[in-house]
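The values are calculated or read from the model by the stated rules, or taken from the named source; none is laboratory data. Owing to the predicted nature of the structure, the values given are computational and were not obtained by experimental measurement. A quick note on method: Cβ atoms are made from the backbone with ideal geometry, for glycine too, and the neighbour counts reach across all protein chains shown. Ligands, DNA and RNA are stripped out before the accessible areas are found, and what is left, the full protein with its side chains, is counted by its heavy atoms. Shrake-Rupley method; radii C 1.70, N 1.55, O 1.52, S 1.80 Å.
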Amino acid sequence: MKSTLLSLSRSIKTTITLCLIVWAGPLASAEAPANKYQKTVESDIKRFSQFFYNKFSHVKPADFKDGIYAIDAAAREQWIEIEDFPPYELSIDDGKELFEAPFANGKSYADCFANGGVGIRQNYPHFDSKLNEVITLELAINRCRTNNGEKPLKYKKGPLADISAYMASTSRGEVFDVKVPNEAAYAAYMDGKKFFYSKRGQLNLACVDCHVGITGQKLRADIPGPGLGQVTGFPVYRAKWEEIGTLHRRYAGCNKNVRAKPFKAQSEVYRNLEYFQTLMSQGLAVNGPSSRK
Amino acid sequence: MKIIKVLLMSACLLAQAAIADTDVQKAQKVKQGQELAFDRKKGNCLACHYVQGGTLMGTAGPPLVAMKARFPKREVLFDQVSDARIKNNKTIMPPFGSHEILSKQEIELVVTWLYTL
């Protein structure tokens, strides 16, 4: 008797599930197909950010833009003091000068970007559906140069980091708005996501191990910050570097720390990683340039 | 008779020396094991573990205490250091042996040191 009831309820369940699938089918396909990928990613974003909201329930969601300083109260106070006389100030000034200087052909950076390049940091990186690749701000800066007959700049530090710092500074407070328009973009996102979750190097550690698994725990004197809001403050002036550096320079550092071979700055791998990481930080405000330990 | 006594005495001395020697050797092994464990380029165990006598210790792994009670079998402790994935395939502890961060002999030294904790 019990078992017939059970199997009856099971078959009812199966029927309901089947109905749901049959009904959901035409409903889903009635929507614009491009949205399918965006939707999937949005549910990933929800789950990812919720993990950190739960783990650090004392942190205001909007504060995750401050990286490690969102969760480390002692370090935060020092950081706020440093930000009163920011060590990246000079970089912003230099970056502005470089940004405004015309190229040999008379054009300038402003001609390459929407809104003259002002207040647009939050739209990077974006997926270029014609070129089928992720375009980061740094890549766009260099393409602007080469398209105008200028030599490309080095990607990890120096003038390019200064220009990036200036462009970020004009976008502070704007909210990151990166989309996944199509299947190719979704593939780039998945590539970056895989990278974030893959064990790497002699120490066999994945980004997720430190920036999700043990975020907030001490590793010697370091505390790996939350994976949410890791990209929002870049470029950063790091005391350890004694200068400003780009996100991909930091990626190389975290790869080297686990004794893995770093990839080239602006390689496809790192651009896809940045795409994934920025998507995970949707809704947070641009906070760059920033200072870091 | 005198010769036998001398022989016996020197044998005793030798035996004593041998015992003393292993004690010294043991202490040396413990010291070497600790050095390997503390060295940032080798074990760097303190990155994640509390260890009595350590400084700047991490909190990502459990404190390393009472090893004898928790790991009565030496092979099990050896495996934990050599490849923690054997016990927990989702571990974040680096596989020191399998990834050749430490050699077999070096892991033996670390294990000898661990048993003093």
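Using a 1.4 Å probe and counting only protein heavy atoms, how much accessible surface gets buried when A and B come together, both sides summed, in Å² to the nearest 100?
1400 Å²
Can you check what the net charge comes to around B:Lys87, using other residues whose Cβ is under 14 Å from the Cβ of B:Lys87 (Lys, Arg +1; Asp, Glu -1)?
+1
Restricting everything to alpha-carbon atoms, can you work out Rg to Rh for segment A:89-169 with a Kirkwood hydrodynamic radius? It would help to have the intermediate numbers written out before the result.
Numbers: Rg = 12.1 Å, Rh = 12.8 Å.
Radius of gyration relative to Kirkwood radius: 0.94.
For segment A:188-293, what's the relative contact order in percent, using C-alpha pairs closer than 8 Å and at least 6 residues apart?
37 percent
List, by residue number, every residue in segment A:220-236 with a reduction of 30 Å² or greater in accessible area between the chain on its own and the complete protein assembly, 1.4 Å probe.
By number: A:Arg220.
As a test of the formula, what do you get for chain A when each DSSP H run with n ≥ 4 contributes -39,500 (n - 2.57) and the sum is divided by the residue count, at 222 nm and rounded to the nearest 500 deg cm²/dmol?
Helix contribution divided over all residues of chain A: -15000 deg cm²/dmol.
Calculate what fraction, in whole %, of the accessible area of the protein assembly as shown sits on carbon and sulfur atoms when a 1.4 Å probe is rolled over the protein chains. Could you put the intermediate results ahead of the total?
Values: 13580 of 23060 Å².
So the carbon and sulfur contribution to the accessible surface is 59 percent.
Of A:Val134, A:Ala114, A:Pro102, which is farthest on the positive side of the dipole of segment A:89-169, counting Cα position, with +1 on Lys and Arg Cβ, -1 on Asp and Glu Cβ, and the Cα centre as origin?
A:Val134
Take peptides B:59-71, A:160-172 and line them up by average Cβ neighbours within 10 Å, highest first, as a rough protection proxy.
Output ranking for B:59-71, A:160-172: A:160-172, B:59-71.
Among the lysines, which have Cα under 24 Å from the Cα of A:Lys193 when same-chain residues fewer than 8 positions away are ignored?
A:Lys36, A:Lys39, A:Lys46, A:Lys55, A:Lys65, A:Lys130, A:Lys156, A:Lys179, A:Lys256, A:Lys261, A:Lys264, B:Lys90
For segment B:27-114, how big is the tail of P(r) above 19 Å, as a whole percent of Cα pairs?
Considering segment B:27-114, 32 percent of its Cα-Cα pairs are separated by more than 19 Å.
Taking the dipole about the Cα centre of segment B:27-114, with the C-beta of Lys and Arg at +1 and of Asp and Glu at -1, give me whichever of B:Val81, B:Ala66, B:Val51 is farthest to the positive side.
B:Ala66
Packing-wise, with mean Cβ within 10 Å as the measure, how do B:102-111, A:278-287, A:227-236, A:114-123 rank, highest first?
My ranking of the peptides, most packed first, is A:227-236, A:278-287, B:102-111, A:114-123.
Compare A:His248, A:His211, A:His58 in a GNM of chain A, Cα atoms joined below 10 Å, and give the one with the largest fluctuation.
The residue with the greatest mean-square fluctuation here is A:His58.
Shape verdict for segment A:149-293, please, from the Cα gyration tensor: rounded (a/c under 1.5), prolate (a/b greater than b/c) or oblate.
Working: a/c = 1.33, a/b = 1.14, b/c = 1.17.
Rounded.
Only Cα pairs under 8 Å and at least 6 apart count here; give the relative contact order of chain A as a rounded whole percent.
Computed value for chain A: 25 percent relative contact order.
Could you size up the charge dipole of segment A:131-239 around its Cα centre, putting +1 on the beta carbon of Lys and Arg and -1 on that of Asp and Glu, and report it in debye to the nearest 20?
Numbers: 15 positive and 10 negative charges, 88 e Å.
Approximately 420 debye in magnitude.
Once every Cα of chain A carries one equal point scatterer and solvent is ignored, give the base-10 log of I(q)/I(0) from the Debye formula at q = 0.09, 0.16 Å⁻¹, two decimals.
Per q value, in the given order, log10 I(q)/I(0) is -0.49, -1.33.
Considering amide H positions built from the backbone, and no H for Pro or chain starts, which residues 5 or more places from A:Glu243, or on another chain, come under 5 Å of its amide H?
A:Arg238
Please get the size of the charge dipole for segment A:235-293, origin at its Cα centre, with Cβ charges of +1 on Lys and Arg and -1 on Asp and Glu, quoted in debye to the nearest 20. All intermediate terms of the calculation are to be shown ahead of the outcome.
On the way: 11 positive and 4 negative charges, 65 e Å.
With only Lys, Arg, Asp and Glu charged at Cβ, the dipole is about 320 debye.
Work out Dmax and Rg for segment A:234-293 from the C-alpha atoms and quote the Rg first, both in angstrom.
12.1, 33
What does the accessible area per residue of segment A:89-169 come to in Å², with a 1.4 Å probe and no ligands, DNA or RNA counted?
49 Å²
Give me the percent of Cα-Cα pairs in segment A:147-225 that sit more than 18 Å apart, rounded to a whole number.
70 percent
Within 10 Å of each Cβ of B:96-105, how many other protein chain Cβ atoms are there on average?
1
Can you compute the charge dipole magnitude of chain A about its Cα centre, using +1 on each Lys and Arg Cβ and -1 on each Asp and Glu Cβ, nothing else charged? Give it in debye, rounded to the nearest 20. Don't skip to the end; give the middle numbers.
Working: 40 positive and 31 negative charges, 307 e Å.
Roughly 1480 debye for chain A.
Less than 19 Å apart at the alpha-carbon level, and either on another chain or at least 8 residues along: which lysines does that give for B:Lys68?
List returned: B:Lys26, B:Lys29, B:Lys31, B:Lys87.
List the relative contact order of segment A:89-169 as a percent without decimals, with contacts defined as Cα pairs under 8 Å and 6+ residues apart. Could you put the intermediate results ahead of the total?
Values: 97 pairs, mean separation 35.4, N = 81.
After rounding, I find 44 percent.
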